[in-house]
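A short write-up of the structure that comes next.
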Amino acid sequence: MVSMTHVPSGHISPAPVPPVPDPSGEEKENRSAALIVVAFPAFILIGAIVAFMFPATFAPLTNYINLFLTIIMFTMGLTLTVPDFQMVLKRPLPVFIGVVAQFVIMPGLAVLVAKMMGLNPALAVGLLMLGSVPGGTSSNVIAFLCRGDVALSVTMTSVSTMVSPIMTPILMLLLSGTATEVDGAGMAWSLVQTVLLPVVIGLTLRVFLSRWINRIMPVLPWLSILGIGGVVFGAVANNAERLLSVGLIVFAAVIVHNVLGYVLGYYTGRLFRFSEPVNRTMAVEIGTQSAGLASGMAGRFFSPEAALPGAVAAVVHNITGAIYTAIVRNRPVEPVAVPEKVAVG
């Protein structure tokens, strides 16, 4: 996942915030966060176009999917701290509701959208994989920019990531249908290796080597972006010919799935009468998935074509996040404390 110090796509950890925010510092932080939100999809989009035009050059990247996924999740782990998980005890209801809603709404929407749009089995299972993976790489930055509850965003991303080795295979087994064979045990073990272990190792290093890790924190988001690029560019190269025939329907399906996730996520918060910052965070966390992980896992366990929804989502999710930020950022919210940590998971 994309990560960084108080200058945001992984996780973002700022320096201690003074009691009275420095307007110039806040403005600088906003610009840094906005740069990540713009640079990430731009890099993925440009790289995907090049991979589409020169597929032979990028196709070998698929041999290193596990390595790329490990890099993404390890950088996320390096940006986590123990207090990120303490909110589960301090504010259990919004964390619990948010994570449960994410693993209910997005897989359910994936099945619904696939049926409504008549997706073929490969694209349908790829969209389901996208809906069944944990929170996305830029969700915490988007939550920060749209004036959401950043601490909640960090915790939701962390918790959904830690439980994904259990939840993702179960959802794929239950919802993929009889036409698609799912290796649930293999998928669970793969997620343990490429998600859980790298995150735990990264978190452990952060605890014991925090001073050194803090020095390299600004580099971590870019390492994560490169890892996501490796997954996406390989998927595009392997599907260059298929994209000519299914590209538009894949983009449409991913956009509808993503936007509906934002809407239902926001109104889930409203249903439980949470504050406006929490509602915005629910929208972002539920609507934004770990696209690189989805693409890599779908390509590995199903087919190259199944990796396309995740590859497309790596661009779409960040663009819709930027649009959502532009729509809601200047709307009033209740006063909230200055966030102690921003993280992109």
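FYI, it's all coordinate maths here, none of it is from the lab. The structure presented is a predicted model; accordingly, all values stated were derived computationally and were not measured.
What the table shows:
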{"quantity": "Integer Hz, Karplus 6.51/-1.76/1.60 couplings in order for the stretch 220-233, x for Gly and Pro", "calculated": "4, x, 6, 5, 5, 4, 4, x, 5, x, x, 5, 5, 5"}
{"quantity": "Shape category assigned to the stretch 191-338 from the gyration tensor of Cα positions, a/c cut at 1.5", "calculated": "oblate"}
{"quantity": "Chain lengthening between V163 and I46 when straightened (0.36 nm per residue, less Cα-Cα)", "calculated": "38.8 nm"}
